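Just below is one structure, and these are the notes that go with it.
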Amino acid sequence: MLTGMHVVILGGDARHLEIIRSFTDLDANVVLIGYEDVKEQLHEVRHAKLTKEVLSKADVLILPVVGTDDHGKIESSFSTETLMLNKEYMSCLPKHAKVYSGIAKSYLKNLCSEVGIDLIELLNRDDVAIYNSIPTAEGALMMAIQHTDITIHGSRCMVLGLGRVGLTLAGMLHRLGARVKAGLQKPEQFARALEMGIEPFYTKDLYEEGANADIIFNTVAALILTSRVLTRIPHHAIIIDLASKPGGTDFRFAEKRGIKALLAPSLPGLVAPRTAGRILASTLCQLIQDERSRNREQMDILSCPSGI
């Protein structure tokens with residue numbers, strides 16, 4: 001249980017509704033900022049504006065999955081108000097407080113570092129990222145089906161990047177009967193692709209390999225589908241770019257060539273917000289409960305008379 005713990009949730013989307021429910025179920029004191037337009041009934045929470053006083057009482061500050069933008073702006077699907085997180089606000093957090101987000105850009109990392117507050121990026125954890133790869137891959141398949149006139153079965157699919165999302169997606173495509181190629185960089189990934197029955201190639205050879213693709217899924221957060229590479233991609237092909245903004249595709253040149261290219265980051269929150277929210281909520285609650293237990297153990301040790 002988290003009785004007595006003050007949790008402030010600043011911004012977010014439909015995934016955060018599951019997080020809110022999980023914390024209230026554990027008896028935490030939950031304050032919501034940027035949720036004035038939420039339609040669902042949320043019990044045992046308090047709505048508030050972003051103020052120094054609210055932050056000064058927080059044990060935990062939960063931000064959107066993307067944290068902030070490069071200037072400190074906080075996104076909320078349930079508010080039209082502009083929410084900005086700056087040093088003045090962050091300095092009000094108690095020193096023991098922790099900040100949680102999915103990922104964090106340099107702005108947020110630097111801000112937490114300057115005020116001496118711990119920042120935890122949930123999507124850097126292997127367990128969260130692997131679980132999260134499932135709704136990401138399913139969302140990518142949904143987009144491919146919606147935007148093509150061919151079946152996945154028998155199609156020539158290319159997955160760029162064989163990390164946690166790439167592995168899950170390549171496996172799904174293979175099981176659906178697609179002819180899957182995987183672009184990768186490391187020899188161990190090459191071996192893993194072969195073991196899965198997927199045809200691997202090194203991304204340095206992407207120019208030569210892209211000539212016959214029907215559907216290209218990119219997970220690489222760097223410009224990999226350059227204008228040069230795109231000159232080899234068939235006009236009928238579709239690119240679904242799953243990397244975080246700005247993606248790994250030269251979208252201007254793709255449009256010029258008549259290639260449909262779609263940027264689709266944060267798919268879990270769009271296609272399966274309840275599942276994605278439960279993944280984040282489970283990890284958050286476990287981390288915070290574990291931290292609380294450790295703190296209590298340390299307090300017990302300190303309060304024990306010496307020599308006992």
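The values are calculated or read from the model by the stated rules, or taken from the named source; none is laboratory data. These numbers were taken from a predicted model, which means no experiment stands behind them. Positions of Cβ are backbone-derived with ideal geometry, glycine not excepted, and every protein chain shown enters the neighbour counts. Accessible surface areas use protein heavy atoms only, side chains included; no ligands, DNA or RNA. Shrake-Rupley method; radii C 1.70, N 1.55, O 1.52, S 1.80 Å.
Taking K and R as +1 and D and E as -1, what net charge do the other residues with C-beta under 12 Å from the C-beta of Thr168 add up to? Could the numbers behind the result be given before it?
On the way: positive: Arg164, Arg175; negative: Glu138.
Net local charge, Thr168 excluded: +1.
Could you pull out the pairs from Lys52/Lys73; Lys52/Lys105; Lys73/Lys245; Lys105/Lys260; Lys52/Lys98; Lys49/Lys245 whose alpha carbons sit more than 18 Å apart here?
Violating the 18 Å limit, Cα to Cα: Lys52/Lys105; Lys105/Lys260; Lys49/Lys245.
On a 1.4 Å probe surface of the protein chains, which of His153, His174 comes out largest in accessible area, and what is the full order? Display every interim value, and only then the final one.
On the way: His153 125, His174 75 Å².
Largest accessible area first, the residues go His153, His174.
Taking R0 as 25 Å, what FRET efficiency do you get between Ala191 and Ile103 from their Cβ-Cβ distance, rounded to the nearest 0.05?
Details: r = 29 Å, r/R0 = 1.15.
Efficiency, from the Cβ-Cβ distance: 0.30.
Using packing as a proxy for protection, rank 122-130, 165-173, 55-63 so that the peptide with the highest average count of other Cβ atoms within 10 Å comes first. Numbers along the way, then the final one.
Details: 122-130: 15.1, 165-173: 23.7, 55-63: 21.6.
Ranked from most to least packed, the peptides come out as 165-173, 55-63, 122-130.
Out of the total accessible area of the chain (probe 1.4 Å, heavy atoms of protein only), what percent is carbon and sulfur?
Heavy-atom surface of the chain belonging to carbon and sulfur, 1.4 Å probe: 51 percent.
Between Lys204 and His47, what is 0.36 nm times their sequence separation minus the Cα-Cα distance? Round to one decimal in nm.
Separation in residues times 0.36 nm, less the Cα-Cα distance, equals 51.4 nm.
Probe radius 1.4 Å, ligands and nucleic acids left out: which of Tyr202, Tyr131 has the largest accessible area, and how do the rest follow?
Tyr131, Tyr202
With a/c under 1.5 counting as rounded, go ahead and sort the stretch 125-246 into rounded, prolate or oblate using the C-alpha gyration tensor (a ≥ b ≥ c being the square roots of the eigenvalues; past the cut-off, prolate if a/b is larger than b/c, else oblate).
Note, shape of the stretch 125-246 comes out rounded.
For the stretch 163-308, give the magnitude of the charge dipole about the Cα centre (Cβ charges: +1 Lys/Arg, -1 Asp/Glu; no others), in debye to the nearest 20.
380 debye
Can you give me the distance in nm between label points at His96 and His235, each placed 7 Å from the Cα along the Cα-to-Cβ direction?
Here the answer is 6.7 nm between the modelled labels.
Any chance you could check the Cα centroid distance between the stretch 73-98 and the stretch 217-264 for me, in angstrom?
34 Å
With each pseudo-label sitting 7 Å past Cα toward Cβ, what's the Leu223-Glu114 distance in nm, one decimal?
Label-label distance for Leu223 and Glu114, simple model: 3.0 nm.
Stick to the Cα atoms of the stretch 3-87, pair each with every other, and give me the Kirkwood hydrodynamic radius in Å at one decimal.
It is 12.9 Å.
Around Glu81, what is the net charge, scoring Lys/Arg as +1 and Asp/Glu as -1 over all other residues with Cβ under 10 Å from its Cβ?
Around Glu81, the charge tally is -1.
How much accessible area does Asp70 have with a 1.4 Å probe, in Å² rounded to the nearest 10?
Accessible area of Asp70: about 100 Å².
Tally Lys and Arg at +1 and Asp and Glu at -1 over the other residues with C-beta under 9 Å from the C-beta of Ser155: what net charge comes out? Kindly include the intermediate steps, with their values, before the conclusion.
Working: positive: Arg156, Arg179; negative: Asp214.
Residues near Ser155 contribute +1 overall.
How much length would be gained if the chain were fully extended between Gln289 and Asn124, taking 0.36 nm per residue of separation minus their Cα-Cα distance, in nm to one decimal?
57.5 nm
Using Cα pairs under 8 angstrom and six or more residues apart, how large is the relative contact order of the stretch 162-287, in percent?
Relative CO of the stretch 162-287 lands at 17 percent.
Given Cα pairs under 8 Å that are at least 6 residues apart, what percent is the relative contact order of the chain?
Once normalised by length, the contact order is 15 percent.
If you take the square roots of the eigenvalues of the alpha-carbon gyration tensor of the stretch 205-276 and sort them as a ≥ b ≥ c, do you get rounded (a/c under 1.5), prolate (a/b over b/c) or oblate? Walk me through the intermediate numbers first.
On the way: a/c = 2.14, a/b = 2.01, b/c = 1.07.
Prolate.
Quote the accessible area belonging to Arg274 in square angstrom, nearest 10, computed with a 1.4 Å probe and with ligands, DNA and RNA left uncounted.
150 Å²
Compute log10 of I(q)/I(0) for the chain with the Debye formula, placing one identical point scatterer on every Cα and leaving out solvent, at q = 0.15 Å⁻¹, to two decimals.
-1.12
Suppose accessible area is computed on protein heavy atoms with a 1.4 Å probe; arrange Met90, Met196, Met143, Met84 from highest to lowest.
Met84, Met196, Met143, Met90
Over the stretch 55-157, with the other protein chains present, what is the accessible area per residue in square angstrom, probe 1.4 angstrom?
With the other protein chains kept in place, the stretch 55-157 gives 48 Å² per residue.
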